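*Asks:* What follows is a single structure, and I will ask about it in a moment.
Derivation of every value follows stated rules applied to the coordinates shown; laboratory data play no part. Quantities reported herein were computed from a predicted structural model and do not represent experimental measurements. In this analysis, Cβ positions are derived from the backbone assuming ideal geometry, glycine residues included, and neighbour counts consider all displayed protein chains.
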Amino acid sequence: MISNSKIWIVSDVDGTLMDHFYDLTPAKETINWLQRLGVPVILCTSKTKSEVKIIRDDLNLKDPYIVENGGAIYGEYTDGKEWEIILGKSYSILEKILNSLSENINFRLRPLNTLTDDEATDLTGLEGESLNLMRDRHWSMPFLNPPQNFDEDLKRLCEIYAVDIFRGNRMSHLLSKNSNKGLAIKKLLNKSNNSNVQIIGLGDSPNDLPLLINSDYKVVISGIKGPNHILLNQLKGTEFSISEKPHGYGWKDEVFKLITMLLNT
Ligand SMILES: [Mg+2]
């Protein structure tokens, strides 16, 4: 069921709702408050469905959620049955495209799913079963960040293959042009038949740009060393706010400010 609330929170997870140690504690109290107000918290993440399920259970969220950077959207009907909307290209097709890109630039772009357990733990901090949940991908292709001198060539090649590459803080993501966080929000709005929704969007890195662009209130969540400067540059010319505190602490403060403002107007 999609909430008929006139305010939606659409939030990235890694680095935004929780820090890089996967701590959700600072945001929990605020999420309980939002639930009492009937405001949905729609997680919009590069994580897989298997990973998000655990976070949703932990936060006791029942709202729809966007996974794999907008590759798919899931939700539940009132009877508990699941619905899904697929926007992305399949993993196997994206894998072929990544290989073609590698050949073209003469540099091996390495999928996250080909890292050894130790390498993946070093990169993500995840261990054991969490690594398997992360590898349960269907609609997106995360890969190791290539050196930035390939950016121009890759940008040109993406046009040819009808894909986008989003560079995150830890890794890059290859996606179909038809699937990103912003397009997923639009699909969800269409499905909801709920007009005049005010969306508060929160994210911390360039893969959140489409999320923020499609939000009425754009919030950049800072990290320990401040906000992501590439994202700030990309947002130039638009109105947005930046959290003072990092990660979940910043999330909590910004959500509280905006909700309080919207409820009083
Ligand atoms: Mg993030």
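*Asks:* Could you give the angle, 0 to 90 degrees to the nearest 10, between helix 181-192's Cα long axis and the longest principal axis of the Cα atoms of the chain?
*Replies:* 40
*Asks:* Projecting each Cα onto the charge dipole of the chain (Lys/Arg +1, Asp/Glu -1 at the beta carbon, about the Cα centre), which of G71, L174, N193 comes out farthest on the positive side?
*Replies:* Of G71, L174, N193, it is N193.
*Asks:* Given the pairs K6/K155; K28/K49; K187/K257; K6/K81; K6/K89, which span a C-alpha to C-alpha distance of over 30 angstrom in this model? Walk me through the numbers before you get to the answer.
*Replies:* Working: K6/K155 37 Å; K28/K49 20 Å; K187/K257 27 Å; K6/K81 24 Å; K6/K89 32 Å.
Too far apart for the 30 Å limit: K6/K155; K6/K89.
*Asks:* Along the Cα→Cβ direction, 7 angstrom out, place labels at E127 and E103. What is the inter-label distance in nm?
*Replies:* 4.1
*Asks:* Now for a different question. Let me know the whole percent of all Cα-Cα pairs from region 142-235 that are separated by more than 19 Å.
*Replies:* On the way: 2082 of 4371 pairs.
Above the 19 Å cut-off, region 142-235 has 48 percent of its Cα pairs.
*Asks:* Ratio of region 91-176's C-alpha Rg to 2.2 N^0.38 Å, to two decimals?
*Replies:* On the way: Rg = 12.9 Å, N = 86, 2.2 N^0.38 = 12.0 Å.
Dividing the Cα radius of gyration by 2.2 N^0.38 Å gives 1.07.
*Asks:* Search the structure for amide H atoms under 5 Å from the amide H of I7, placed 1.01 Å from N in the peptide plane, and list their residues when 5 or more places away or on another chain.
*Replies:* When sequence neighbours closer than 5 places are left aside, the close amide H contacts are Q198.
*Asks:* Here is a follow-up. Out of all DSSP beta bridges with both ends in the chain, state the antiparallel percent to the nearest 5.
*Replies:* Working: 18 of 35 bridges.
Around 50 percent antiparallel, to the nearest 5.
*Asks:* Something else: Given a Förster distance of 45 angstrom, what is the FRET efficiency for E29 paired with L144, based on the Cβ-Cβ distance and rounded to 0.05? Working shown, then result.
*Replies:* Details: r = 36 Å, r/R0 = 0.80.
The computed FRET efficiency comes out at 0.80.
*Asks:* Which of L94, L154 has the fewest other C-beta atoms within 10 Å, and how do the rest follow up to the most? Spell out each step's value before the answer.
*Replies:* Details: L94 26, L154 20.
Lowest to highest Cβ neighbour count: L154, L94.
*Asks:* If you find the alpha carbon centre of region 147-166 and of region 81-107, how far apart are they in angstrom?
*Replies:* Comparing the Cα centres of region 147-166 and region 81-107, I get a distance of 14 Å.
*Asks:* Using alpha-carbon pairs under 8 Å, 6+ residues apart, how would you state the relative contact order of the chain in percent? Display every interim value, and only then the final one.
*Replies:* On the way: 477 pairs, mean separation 58.8, N = 265.
Rounded, it is 22 percent for the chain.
*Asks:* Can you tell me which of 86-92, 244-250 comes out highest on packing, and rank the rest after it, using the mean Cβ neighbours within 10 Å? Numbers along the way, then the final one.
*Replies:* Working: 86-92: 17.7, 244-250: 19.3.
Highest mean packing first, the order is 244-250, 86-92.
*Asks:* While we're on this one: For K225 and N113, compute 0.36 nm times the residue count separating them, minus their Cα-Cα distance, and round to one decimal in nm. The partial results should precede the final answer.
*Replies:* Values: separation 112, 0.36 × 112 = 40.32 nm, distance 2.85 nm.
That pair, K225 and N113, stretches by 37.5 nm at full extension.
*Asks:* Starting from a Cα-only point model with no solvent, please compute log10 I(q)/I(0) by Debye for the chain at q = 0.13 1/Å.
*Replies:* -0.82
*Asks:* Once you charge only the Cβ atoms, +1 for Lys and Arg and -1 for Asp and Glu, what is the size of the charge dipole of the chain about its Cα centre, to the nearest 20 debye?
*Replies:* Here the chain has a charge dipole of around 780 debye.
*Asks:* Then there is this: Of N149, M134, L123, whose Cα points farthest to the positive end of the dipole of region 91-176 (charges on the beta-carbon: +1 Lys, Arg; -1 Asp, Glu; origin at the Cα centre)?
*Replies:* N149
*Asks:* At a Förster distance of 41 Å, what's the computed FRET efficiency of R156 paired with N264, Cβ-Cβ distance as r, to 0.05? Write out the running numbers ahead of the final one.
*Replies:* Details: r = 49 Å, r/R0 = 1.19.
It comes out at approximately 0.25.
*Asks:* Now a separate question. If a/c stays under 1.5 just call it rounded; otherwise compare a/b with b/c (prolate if a/b is bigger, oblate if not). Do that for region 72-141, with a ≥ b ≥ c from the square roots of the Cα gyration tensor eigenvalues. Provide the component values of the computation, followed by the final result.
*Replies:* Numbers: a/c = 4.21, a/b = 1.42, b/c = 2.97.
Oblate is the answer for region 72-141, as a/c is 1.5 or above yet b/c matches or exceeds a/b.
*Asks:* Under a point-charge model restricted to the Cβ atoms of Lys and Arg (+1) and Asp and Glu (-1), what is the dipole moment magnitude of region 91-176 relative to its Cα centre, in debye to the nearest 20?
*Replies:* Details: 9 positive and 14 negative charges, 55 e Å.
Its charge dipole is roughly 260 debye.
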